[in-house]
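Derivation of every value follows stated rules applied to the coordinates shown; laboratory data play no part. Computed from a predicted model, the values in this text were never measured in an experiment. For neighbour counting, all protein chains shown are included, and Cβ atoms are generated from backbone atoms with ideal geometry for every residue, glycine included.
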Amino acid sequence: MEAELKEKVEQCLNCKVKPCTKGCPLENNIPAFIEKVKQDKLEEAYEILSETTVLPAICGRICPHYKQCMGKCVRGIKGQPVNIGDIEKYIGDMSIKNNYKLPNCEQERNEKIAIIGSGPAGLTCAAFLRRNGFKVTIYEKYSQLGGILRNGIPNFRLDKSILDNTIQKILDLGIETKCEMELGKNLDLNELQKEYNAIFLAIGANITKNMEIKGEELTGVYGGNELLELNNHPTYVGKKIAVVGGGNVAIDCARTINKLGAKSVTIIYRREEEQMPAEKKEIEDAKKEGVSFLFKHNITQIIGNEKVEKIECIKTELVQKEGETRKSPVEIEGSNYTIDMDYVVMALGSKTEINVVKNLGLELTQEKYVKINDKKQTSNEKVFAGGDLVGEKSTVAWAARSGREAAESIGKFLCKQLVTKIPKRPKRPKRP
Ligand code: SF4
C-alpha cells in the first residue's frame, strides 16, 4: 500500500457509532472496511463493501463525499475528515486489478426479472437480484451499458475503463444483457410482463428542465443533460458560454466546454457558493481550470435575433422567508444588466421523458415521475421503479441504493420467505 494511503487509513478512529456510515446513502460499513485496509486485507475490505454496494470504484471517484460520509466524519469536527472517498476508490481499483469477485448466489431460482436501464439503479438492482439466485436480464437503449455513468459523466471525472471493469464484474454474476432496446421504440412493457415475473424500471430522467424565460427557444441554447448525454457539441473555440445552474451537471458542462476551447465559460448560480449542490472538489477544479462564477445572480432573458447574442442577468439576495428552512434567492429590482454571449447551457435539474413515461400505463405523480409505494412498486404490482424516474434524490449513490432496495422488494414479492442481509437504512432526505 502506498504511504499516502496508509496515512489516510491511519486517521480513522474506528468509531463505534459509525457516523460516517450514517452519512453514506448506501450505508457502507466504512470503519470496518478501513480496518481491513489497515491490516492490508484488501479482499476482505472489498467483501465488506460488497455487502452494500457493487460500485466502489465509481462511488469512490464521483460521490459528493464532503456532503455524505466525510461530512459526518468526527475527524472533520476539528480538522480534516478521513478521506473515505480515496480509500473506497483504492479498494475498488484493487478489486479490478486483482480480479476479486462479487459474492454470487448459492441457490438458483426460476423467477425471471427484466431490468430496464443500466445506470447505477439498474446495475445495482440486477446484481442484488442475481445474488439471490434470480434470472436477470438488463435492457439498455444504447449499445453499451452504463446509463448516466457512461453518458452523463465526462471522462475526466470517470474513466470509462473503470466503468467497463465494474460492469463486467456485475455481468460475471451471470446476468444477461440486451442492448439497443428502448421503451416506446422496440421494447414494450406489456410484452415484457408476459415473459418476466417482475420488471424494474430504471430509465432515469435525463431531460433538462426549462427555465420558462424569454429567448429559451433561440439557436445556441442547450440543455445540459442532453449535451453531456449525446456528446454532440457545437464549436466553442473563441465563444463565450453561460451555464445556468449549480449542480454537478452545470459543473460537468462548464468543464467540458472549457476543455473544448471556449473563450470564456461562466456559471450563473442564484445562491452563494457554499450552497451549490455540486461537489466542493469539482467546483475547485473548475475554478483552477479557468471557469468563472457569477454567484447570487439569475438570468432573466436570452436576447438575440434567431441565435443567442446576449443574456440579461439580475443580482439576487438571500432572504429568510417564514416557514422555509433555508434562505431563498430574491431578485434585486433594478440590478439587471446584459452580457454578450454566444451560447447558453441550461443545467437546472432534470425531468422525465414525458412521451415515454405517459405511455407506460402507470400512475404518475403531479411532477410526472412514476408513482411508487414504499416497496418501490408502481400502480402495476409486477412493475417496480427507482432512481431518477421516480423523482428520488439524484446522486449516483442514492440511485444505487434505490436499486438495492428495489431488489429486496422484488425478491420478497416473488419469494415471500426471502431474507436479505442488508442493514436498516436512514431516512432518505427530501429532494431540495
Ligand atoms: Fe473513521 Fe471518521 Fe468513520 Fe470515525 S467517523 S469511523 S474516524 S471515517
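Shape descriptor for segment 117-186: Rg over Rh equals 0.97 (Cα atoms; Rh from the Kirkwood inverse mean 1/r).
Compactness of segment 207-272 was expressed as the Cα radius of gyration divided by 2.2 N^0.38 Å, which yields 1.06. Full extension of the chain between N232 and V319 gives 27.4 nm of extra length, using 0.36 nm per residue less the Cα-Cα distance.
For each of T266, T52, T325, T235, count neighbouring Cβ atoms within 10 Å of the residue's Cβ, then give the residues from fewest to most.
Working: T266 20, T52 24, T325 6, T235 9.
Ranked by crowding around the Cβ, least crowded first: T325, T235, T266, T52.
Quantify how much of the Cα-Cα distance distribution of the chain extends past 37 Å, in percent. Everything past 37 Å amounts to 27 percent. Note on segment 268-288 and segment 193-220: Cα centroid distance 25 Å, given to the nearest whole angstrom. Taking the Cβ of D159 as the center, what net charge do the other residues with Cβ under 12 Å away carry, scoring Lys and Arg +1 and Asp and Glu -1? My count for the surroundings of D159 gives +3.
Using C-alpha positions alone, give me the convex hull volume of segment 221-336 per residue in cubic angstrom. It would help to have the intermediate numbers written out before the result.
Numbers: hull volume 13.9 nm³, N = 116.
For segment 221-336, the hull spanned by Cα atoms encloses 120 Å³ per residue.
Sort L173, L201 so that the residue with the fewest other Cβ atoms within 10 Å of its own Cβ comes first and the one with the most comes last. Working shown, then result.
Values: L173 19, L201 30.
Listed from fewest to most nearby Cβ atoms, that is L173, L201.
For a paramagnetic label modelled on I339 (point 7 Å from Cα along Cα→Cβ), amide N atoms under 15 Å away belong, within segment 289-311, to 290-303, 309-311.
May I ask you to compute the full-extension gain from Q80 to Q39, defined as 0.36 nm times their residue separation minus their alpha-carbon distance, rounded to one decimal in nm?
Working: separation 41, 0.36 × 41 = 14.76 nm, distance 2.26 nm.
So the extension gain works out to 12.5 nm.
Per Stokes-Einstein, at 4 °C and 1.567 mPa s, what whole-number D in µm² s⁻¹ belongs to segment 260-412, with the Kirkwood radius over Cα pairs as the hydrodynamic radius? Display every interim value, and only then the final one.
Numbers: Rh = 19.0 Å.
Estimated diffusion coefficient is 68 µm²/s.
Highest mean packing comes first when the peptides 351-361, 275-285, 219-229 are listed by Cβ atoms within 10 Å, giving 219-229, 275-285, 351-361. When Rg and the Kirkwood Rh are both derived from Cα coordinates, the Rg/Rh ratio for segment 88-214 amounts to 1.02. Across the chain, Cα pairs under 8 Å and at least six residues apart give a relative contact order of 16 percent. Taking 7 Å steps out from each Cα toward its Cβ at D285 and L5 produces label points 1.9 nm apart. Measure nothing but the geometry: give the 0 to 90° angle between the long axis through the Cα atoms of 396-414 and the longest principal axis through the Cα atoms of the chain, rounded to 10°. The angle comes out near 40 degrees. Mean silhouette area of segment 173-216, derived from the convex hull of its C-alpha atoms and averaged over all directions, reads 5.5 nm².
Based on the Cβ-Cβ distance from V330 to L260, what FRET efficiency comes out when R0 is 30 Å, to the nearest 0.05?
Working: r = 35 Å, r/R0 = 1.17.
FRET efficiency, V330 to L260: 0.30.
Working note: 222 nm ellipticity from helices only, DSSP H runs with n ≥ 4, each -39,500 (n - 2.57), summed and divided by the residues of the chain, gives -9500 deg cm²/dmol to the nearest 500.
The ranking of S402, S143, S292, S394 from fewest to most other beta carbons within 10 Å of each one's beta carbon is S143, S292, S394, S402. In this structure, the residue pairs whose Cα-Cα separation is over 24 Å, taken from K78/K315; K38/K97; K89/K240; K101/K375; K321/K376; K38/K89, are K78/K315; K89/K240; K101/K375; K321/K376. To the nearest 0.05, how large is the calculated FRET efficiency for K160 and N98 if R₀ is 22 Å and r is the Cβ-Cβ distance? Calculated value: 0.60.
Between T219 and N359, the simple spin-label model (points 7 angstrom out along Cα→Cβ) gives 3.0 nm.
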